[in-house]
């Protein structure tokens with residue numbers, strides 16, 4: 001039996017989930033418009049553990065969203081995850097933030113483009129197939145009217161995340177589907193983290209760093 005504590009802090013959503021054998025036991029998150037991770041993350045962790053009826057000693061691994069995303073948010077989440085791993089002597093699992101965000105889209109065809117706001121007209125994004133295979137690498141890109149035209153010409157493209165609104169203003173393609181009210185959540189880390197756990201796909205706790213993708217950006 002494997003318990004994994006999942007932590008997601010790459011955007012304003014402070015999110016924690018307890019996963020048992022790949023299934024969510026309990027989660028706690030706050031879709032705030034401001035960053036409150038420093039005040040709420042450890043509180044949420046304690047709530048999830050206490051109300052699930054287990055102890056920290058029952059945990060088998062800690063999973064953390066590795067980015068890209070907010071520099072400060074990622075740093076807080078990774079620091080908390082590494083601290084728990086050290087204190088409990090359990091492994092660390094990292095989860096690609098854009099991959100877990102893509103899992104919030106359910107479609108049998110087309111493409112999925114998770115987007116995280118990177119200020120101005122820039123976003124962190126990647127491209128996935130409808131069965132969540134990554135087709136294009138993660139990039140920090142400046143959006144233009146011609147962005148993703150090759151995918152849009154092939155079929156429906158689902159854009160999801162807090163970077164979507166700015167693209168919706170300049171993209172009028174009929175195949176573009178915009179889902180702008182979603183943020184990365186620890187809930188979608190469940191299956192990814194459990195699969196990595198079964199494969200012993202762990203990070204070196206001492207040297208692991210978040211995937212910032214670009215130099216420091218506040219917020």
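See the values below:
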{"quantity": "Residue 57 surrounded by fewer than 15 Cβ atoms within 10 Å (Cβ to Cβ), outside the structural domain of residue 139 (by TED's automatic domain parsing) and at positive phi", "calculated": "no"}
{"quantity": "Selection count where residues are within 22 Å of residue 191 (Cα to Cα) and either part of a helix (DSSP H, G or I) or outside the structural domain of residue 15 (by TED's automatic domain parsing) (or both), scope the stretch 25-45", "calculated": "3"}
{"quantity": "Any chance residue 8 is at pLDDT below 95 and within 22 Å of residue 82 (Cβ to Cβ)", "calculated": "no"}
{"quantity": "Residues within the stretch 100-122 that are in contact with a strand residue (DSSP E or B) (Cβ under 7 Å, 6 or more places away or on another chain) and either closer than 21 Å to residue 186 by Cα or part of a loop (DSSP other than H, G, I, E, B) (or both), tallied", "calculated": "15"}
{"quantity": "Residue identified as surrounded by fewer than 18 Cβ atoms within 10 Å (Cβ to Cβ), over 22 Å from residue 174 (Cα atoms) and free of Cβ contacts under 8 Å to residues at least 60 places away in the same chain among 88, 135", "calculated": "88"}
{"quantity": "The stretch 141-167 residues that are assigned by TED's automatic domain parsing to the domain that holds residue 12, paired with ones that are at pLDDT 95 or above (beta carbon under 7 Å, 6 or more apart)", "calculated": "none"}
{"quantity": "Criterion (at positive phi and surrounded by 15 or more Cβ atoms within 10 Å (Cβ to Cβ)) met by exactly one of 124, 148, 158", "calculated": "148"}
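The values are calculated or read from the model by the stated rules, or taken from the named source; none is laboratory data. It should be emphasised that the depicted structure is a prediction, and the values quoted were computed from it without experimental measurement. Note that each Cβ is placed from the backbone with ideal geometry, even for glycine, and that neighbours are counted across all protein chains shown.
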